[in-house]
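First comes the structure, then the notes that go with it.
The values are calculated or read from the model by the stated rules, or taken from the named source; none is laboratory data. Remember, predicted model here, so these are calculated numbers, not experimental data. In this analysis, Cβ positions are derived from the backbone assuming ideal geometry, glycine residues included, and neighbour counts consider all displayed protein chains. For accessibility, only protein heavy atoms count, side chains too; no ligands or nucleic acids. Shrake-Rupley method; radii C 1.70, N 1.55, O 1.52, S 1.80 Å.
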Amino acid sequence: MNSTDFIVIRNDLQQCKVIETPLPDEAALPADALLVKVTRFAFTANNITYAVIGEQLKYWQLFPAPEGYGIIPVWGFGEVLVSKHPMIAAGEMLFGYFPMATHLVIEATDVSKRGLRDGAAHRQEVSPVYNAYARVSGDPTYAGQQGDFRALLLPLFMLSFLVDDFLAENAFYGARRVILSSASSKTAFGLAHLVHKRGIPVIGLTSRGNVDFVSSLGCYDEVVTYDQVTAIPSAEPTAYVDMAGNSALREALHRHFGAQMVYSGRVGLTHRASEPEEPTLPGAKPVWFFAPDQIRKRAKEWGPGGIDQRFGAAWAELVPHLPNWLDVVELRGPAAVREAYLDTLQGRVPPDQGLILSLAE
């Protein structure tokens, strides 16, 4: 049996292709291993971010590929085809971090009723969250459209939740409003939804073509196009959360707000126009927000289950909005996946679409 793998050239993401790689037969699988069929996965601009910073954050190590190539990680679902672990049965469904491929071998460890972890040696240099798989067989909140929304938004909304928690913990650094770039992105509007609920005004920055969509979400107090950012009144303390990674935009905002830019956090790199050496800017120094740091902090402070409980409540409040915000589009087969990948890379996917893909025809 072979796996169909979608691979990209690490330093030239435009270059991509599909290859076939042989899978071990049952007898050759390591002890406690699972052979999992990847049934479907979400693909968003966040996956492009994984590729852009794959070297720094070791995402390329998760799913080995030929020299110079990488397999982009995605959030999705897998069915256990073969299990050599006594506590896991063939036919079980898992939710977690998968390769853009048709199959994955997982070396199951830390198995509980709710989940398991991949203990493969080459996967241990990333944050533990990327090696965890939920056991979701029979859970209606992971089935059908609900499951699609989870794959599309759950990891992104966790990031939104953690940024909101971090800002609130720091009293928004004294800011009286929050500005989000890439306001049409799923992470941005999830964060806008949370911040807006706290009563803090949220300004969304977006392109002209996305103004109607961003305005329709109802979680932004104001929507501003990128060419109008210097028209935003600059007298109030402002926090900026950068989802785009656009150096020129960040510099323009810092120079416009000056000392009133009290927080400048970098969350994404979807724009891919960030310069490695940037000038010193007025206002707060731009800093990276790394979600696993906040997870570790809160896990210690909130105790076992504390993050899950709070995040679960926030997710439950978001879910009723999602059918109005997103249309799920399902695409199957290598050609469709390649087209969806390139469209996402070039920013051609409408913001109200959520792509659910499968390499199997």
Inset, instruction - Give the total of Lys-Lys pairs in the chain with Cα-Cα distances below 30 Å; include a pair only if its members are 8 or more places apart or on different chains. - result: 25
Legend entry - Distance from segment 183-248 to segment 28-44 (C-alpha centre basis), Å: 38
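What accessible area per residue comes out for the chain, rounded to a whole number of Å², with a 1.4 Å probe?
On the way: 15650 Å² over 361 residues.
Computed with neighbouring chains in place, this is 43 Å² per residue.
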Legend entry - For segment 39-103: rounded, prolate or oblate by the Cα gyration tensor [a/c cutoff 1.5]: prolate
Inset, instruction - Any chance you could look up the accessible area of ASP221 with a 1.4 Å probe, heavy atoms only, rounded to 10 Å²? - result: 90
Inset, instruction - When a/c is below 1.5 the answer is rounded, else prolate if a/b is larger than b/c, else oblate, so apply that to segment 246-350 with a ≥ b ≥ c taken from the square roots of the Cα gyration tensor eigenvalues. - result: oblate
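Please state the shape class of segment 179-321: rounded when a/c is under 1.5, otherwise prolate if a/b exceeds b/c and oblate if not, all from the C-alpha gyration tensor. Working shown, then result.
Numbers: a/c = 1.86, a/b = 1.32, b/c = 1.42.
Here segment 179-321 falls in the oblate category.
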Inset, instruction - Name the long-range amide H neighbours of GLY115: under 5 Å, sequence gap of 5 or more, or other chain; modelled H, no Pro or chain starts. - result: ARG135
Inset, instruction - Could you pull out the GluC sites (Glu not before Pro) across segment 64-104 that fall in loop regions by DSSP (anything but H, G, I, E, B) with no more than 15 other Cβ atoms inside 10 Å? - result: GLU67
Legend entry - Apportionment of accessible area to carbon and sulfur, segment 17-102, percent (1.4 Å): 57
Inset, instruction - Estimate the FRET efficiency between LYS58 and ALA235 by the formula 1/(1 + (r/R0)^6), using the beta-carbon distance for r and 51 Å for R0, to the nearest 0.05. - result: 0.75
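Order these peptides, 51-62, 117-128, by their mean beta-carbon neighbour count within 10 angstrom, highest first. Show your work: numbers first, answer last.
On the way: 51-62: 17.5, 117-128: 15.5.
Result, highest mean first: 51-62, 117-128.
Please give the net charge around ILE200, taking every other residue with its beta carbon less than 11 angstrom from that of ILE200, where Lys and Arg add +1 and Asp and Glu add -1. Show your work: numbers first, answer last.
Values: positive: ARG176, ARG177, LYS197, ARG198; negative: ASP164, ASP221.
Result for the neighbourhood of ILE200: +2.
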